[in-house]
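Enquirer: Handing you a structure now.
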Amino acid sequence: MMIRRTRFTFRLGLAALVVGVLAGAGCNGGDSKTATNSSGGGTSEAASGEGIPIGLVASQNGDLKPWGEDSAKGAQLAVEEFNNAGGVDGKKVKLVIADSGSKPEIGKSAAEKLISTDKIIGILGEVASGITAQMGQVATEKGIPLVAIGATKTTLTEGKPNMFRVCYTDAFQGPVMAKFAFEQLKLRNVALVTDKKQPYSTGLSDSFRAFFTKLGGKIVDEQFYEGGQTQFQGQLTNLKAKNPDGLFMSGYFTETGPLARQAKEAGLNVKMMGGDGWDSSEILTTGGDAILGSFFCNHYNNKEDRPEVKDFLAKWAKKYDGSVPATTMGALAYDATALMCDALKRAKTKDAKGLQDAIEDTTGFKGVSGAITLKGKHGNPPKRALVVQLTKEGQVFAKAYEEDEATGLPK
């Protein structure tokens, strides 16, 4: 969520840095008990006097650090609030945070450490779909429920009853942006720019293409790059030759800013669009004036006029020195953590299996990003999506889409 000279370039070891964070006022006493994971994942100190452990994997370092920082803050806020309200049967939830370093392999190691060493009974994260998929492999093998914060790859939860998310999927945001492009921006000939290294980007481009063509639009070209690339002149020369009236750039903010700037320099003065991977103030710095006026899909906006948003922002400001979340992931992490804590309270047994069953049974959970229902949804809650426009002042609300509205074709 920055041209390369401003990107975070911390070099990490093979194992992720794991930092235990005990939210709230401390730990309650009580008899120490051990809950056995019925799926073969070992034991969880679910009812110990040290609190009930849940884990968060977030990008504390690396290119995606803005998302990771907000994820940690949102999760900590939710745990603190839950513990202050009494916790679970008089016991507090203990949040243990592990760093993915913005890399799938480190995210996987972090998840392994949380499960094997820290004995967590539930895991939160990540934002990037590629990292979350690696975490999901470990969680599934060990029988630990995972609630993703912002991972939108559509197939992420397929065949994995222990995996859930609080965000919409790319099967939704692709049609949202296709519909907005076709009906609101009146675009008919759009080119795709896809990060072939990111499962998120390839899936989102495919989703946009399928729905835009159903609406009657034409995809005139698709150009590829790999995450970490800084120069795009070759791709942009090819795109300009196809004379598109719009560009859908499905990658992360790390490359999209420089892409937009170089596109304008190459004379591609067309509408630019993207998905929730654009969500960072860094994109305004790296994209400059070239990115202004562009549109992207998002889950939440600090300026929404809803009571839930106002209440959340007030609590955030109180805890974090009057600030507001820098990215949407602050709100989504808060929702994911609050939902897991609520499920823990409802769980018949305070272990991984009991927690998973309670998460699956969630109906109408009131999140900051909207109501969340997981029961019977295979881990994918129906959610509304926002289209926002980038301005010098930040993100400005443009239009909201409900799921049935976005995926329906014109009559």
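Enquirer: Is it the case that the stretch 212-234 has a residue that's touching a Gly at 6+ places or on another chain (Cβ under 7 Å) and of a type in the set (Val, Ile, Thr)?
Expert: No, the stretch 212-234 has no match at all.
Enquirer: To continue, here is another question. If you take the residues in the stretch 172-206 that are under 15 Å from the mean Cα position of the chain (by Cα) and hydrophobic (A, V, I, L, M, F, W, C), which one is farthest from GLU360 (Cα to Cα)?
Expert: It comes out as LEU204.
Enquirer: Return the residues of the stretch 291-306 that are hydrophobic (A, V, I, L, M, F, W, C) and part of a loop (DSSP other than H, G, I, E, B); say none if nothing qualifies.
Expert: Residue satisfying the conditions is LEU292 alone.
Enquirer: Test GLN223 against the criterion of being in a strand (DSSP E or B) and touching a strand residue (DSSP E or B) at 6+ places or on another chain (Cβ under 6 Å), and give yes or no. Before you say what the answer is, go through the steps one by one.
Expert: On the way: in a strand (DSSP E or B): yes; touching a strand residue (DSSP E or B) at 6+ places or on another chain (Cβ under 6 Å): yes.
Here the answer is yes, as GLN223 does meet what is asked.
Enquirer: In the stretch 166-176, is there at least one residue being under 25 Å from LEU215 (Cα atoms), buried (at least 24 other Cβ atoms within 10 Å of the Cβ), modelled with pLDDT of 95 or more and charged (D, E, K, R)?
Expert: Yes - at least one qualifying residue is present in the stretch 166-176.
Enquirer: Can you tell me which residues in the stretch 259-291 are under 23 Å from the mean Cα position of the chain (by Cα) and surrounded by fewer than 21 Cβ atoms within 10 Å (Cβ to Cβ)?
Expert: SER281, LEU284, THR285
Enquirer: Looking at (1) buried (at least 24 other Cβ atoms within 10 Å of the Cβ); (2) farther than 29 Å from LYS119 by Cα; (3) not basic (Lys, Arg), find the lone condition where GLY330 falls short.
Expert: Result: GLY330 fails condition (2) only.
Enquirer: Where residues in the stretch 207-226 are more than 20 Å from GLY257 (Cβ to Cβ) and among the polar types (S, T, N, Q), which of them is farthest from the chain's Cα centre (by Cα)?
Expert: Filtering the stretch 207-226 for residues that are more than 20 Å from GLY257 (Cβ to Cβ) and among the polar types (S, T, N, Q), the one farthest from the chain's Cα centre (by Cα) comes out as THR213.
Enquirer: Give the residue that is farthest from SER59 (Cα to Cα), with candidates limited to residues of the stretch 314-351 that are among the polar types (S, T, N, Q), assigned to a loop (DSSP other than H, G, I, E, B) and under 22 Å from the mean Cα position of the chain (by Cα).
Expert: In this case the residue turns out to be SER323.
Enquirer: Another one. Could you please find all residues in the stretch 75-123 being more than 15 Å from ALA58 (Cβ to Cβ) and in a helix (DSSP H, G or I)?
Expert: GLU80, GLU81, PHE82, ASN83, ASN84, GLU105, GLU112, ILE115, SER116
Enquirer: Another question, then. Could you tell me whether GLU112 is in contact with a helix residue (DSSP H, G or I) (Cβ under 6 Å, 6 or more places away or on another chain) and surrounded by fewer than 24 Cβ atoms within 10 Å (Cβ to Cβ)?
Expert: It is true that GLU112 is in contact with a helix residue (DSSP H, G or I) (Cβ under 6 Å, 6 or more places away or on another chain) and surrounded by fewer than 24 Cβ atoms within 10 Å (Cβ to Cβ).
Enquirer: What do you reckon, is SER32 within 19 Å of ASP351 (Cβ to Cβ) and modelled with pLDDT under 95?
Expert: yes
Here's the yes/no breakdown for (1) in a loop (DSSP other than H, G, I, E, B); (2) out of contact with any Phe, Trp or Tyr (no Cβ under 8 Å at 6 or more places or on another chain); (3) under 28 Å from LEU146 (Cβ atoms):
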{"site": "GLN356", "(1), (2), (3)": "no, yes, yes"}
{"site": "ILE359", "(1), (2), (3)": "no, no, yes"}
{"site": "ALA371", "(1), (2), (3)": "no, no, yes"}
{"site": "LEU374", "(1), (2), (3)": "yes, no, yes"}
{"site": "LYS377", "(1), (2), (3)": "yes, yes, yes"}
{"site": "LEU386", "(1), (2), (3)": "no, no, yes"}
{"site": "GLN389", "(1), (2), (3)": "no, no, no"}
{"site": "PHE397", "(1), (2), (3)": "no, yes, no"}
{"site": "ASP404", "(1), (2), (3)": "no, yes, yes"}
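Enquirer: More than 16 Å from ILE54 (Cβ to Cβ), surrounded by fewer than 20 Cβ atoms within 10 Å (Cβ to Cβ), of a type outside the set (A, V, I, L, M) and not assigned by TED's automatic domain parsing to the domain that holds ALA85, is that true of LYS399?
Expert: Judged against the criteria, LYS399 is a match.
The values are calculated or read from the model by the stated rules, or taken from the named source; none is laboratory data. Computed from a prediction, not measured in an experiment: that's the story for all the values here. So basically every Cβ, Gly included, is an ideal-geometry build from the backbone, and we count neighbours across all protein chains shown.
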